[in-house]
């Protein structure tokens, strides 16, 4: 068997195990969700070895989706680290065998503190399962390892159950995209969800505007001064009535020698597509690209232009 065949076998075996696990998920999982929701503290995800590595990821996923969590090394906790726990916390303990050395001491210490325990294990009769308030059973037939020794399918199942638990809690808490973005302010996800068209327009600190009745030449002067590829055309009350771009200039100047002296309303685009300041920047990007626009005006609730968003703004924002 070549390497690709082995890879496909492992992926198919683990996928089949997850499909089977989904069919078995039931009361224990629901009980675990309720235990966490009823707690006023944090979630401590505990494990050792490969389970511990999975536990770190589960704790991170819980924290980023509305359930404050941290990782607790099960063995090191018995040498002082368990002092981080309070009686309001919930411990999610990961151990496929449920018989890891020292598990009885760990369970006793957690119980003495008063924290609830949720077990994610492969043995419903194990000491871990017996000493827990809720049990999520990882019932797999065998590891993907050909010797049925290396934790493979079991850790994949633990990781997937952790995701399922985090997202079930997310839904029950009414967690919103804005909440997710607030936990990822420095990355691409945060920018995609938090950044608005108004933010992009405000970065320029210029707002090229020209009142109708003025000439095309005056529009060009306004655009050049603002280093902008367009100008918003307004009426006497400052409400947007049109839009003039350097693309409009190129199209008209070839057929009109008197273009620069024309009134701007003769050549501007009337009723242009606009953006609101609250429009997510990622949506603004899609509107620009879908319509092959280089830029668009941003108008407030009164119809007055507050700035312009162009393709360069999108690129500089990392979108």
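Every number in this text was worked out from the coordinates using simple rules, so none of it is lab data. Predicted model only: the values in this text are computed from it and were never measured. Glycine gets a Cβ as well: all are built from the backbone with ideal geometry, and neighbour counts include every protein chain shown.
A few points about this structure:
- Between residue 81 and residue 254, the distance separating the two model label sites (each 7 Å from Cα on the Cα→Cβ line) works out to 7.0 nm.
- Separation of the residue 176 and residue 239 label points, Cα + 7 Å toward Cβ, nm: 3.0 nm
- Volume per residue of the C-alpha convex hull in the chain, rounded to whole Å³: 193 Å³
- Between helix 103-113 and the chain: long-axis angle, C-alpha atoms, 0 to 90°, nearest 10: 70 degrees
- Where a label projected 7 Å from the Cα of residue 108 along Cα→Cβ would reach, residues of the stretch 34-74 with amide N under 18 Å: 74
- Beyond 27 Å, the tail of the calculated P(r) for the stretch 3-175 holds 21 percent of the Cα pairs.
- R0 of 25 Å, Cβ-Cβ distance residue 149-residue 30: FRET efficiency to nearest 0.05: 0.15
- Computed FRET value (nearest 0.05) for residue 215 with residue 271, which takes r as the C-beta separation and R₀ as 22 Å: 0.55
- Viscosity 1.567 mPa s, 4 °C: Kirkwood-radius Stokes-Einstein D of the stretch 193-316 over Cα pairs, µm²/s: 90 µm²/s
- Helical runs (DSSP H, four residues minimum) scored at -39500 (n - 2.57) apiece and divided by the length of the chain put the mean residue ellipticity at 222 nm at -13500 deg cm²/dmol.
- Figure legend: label point modelled 7 angstrom from the Cα of residue 130 along Cα→Cβ; residues of the stretch 76-106 with amide N under 19 Å from it are 93-106.
- Cα-based helix-to-principal-axis angle, 281-290 vs the chain, degrees rounded to 10: 60 degrees
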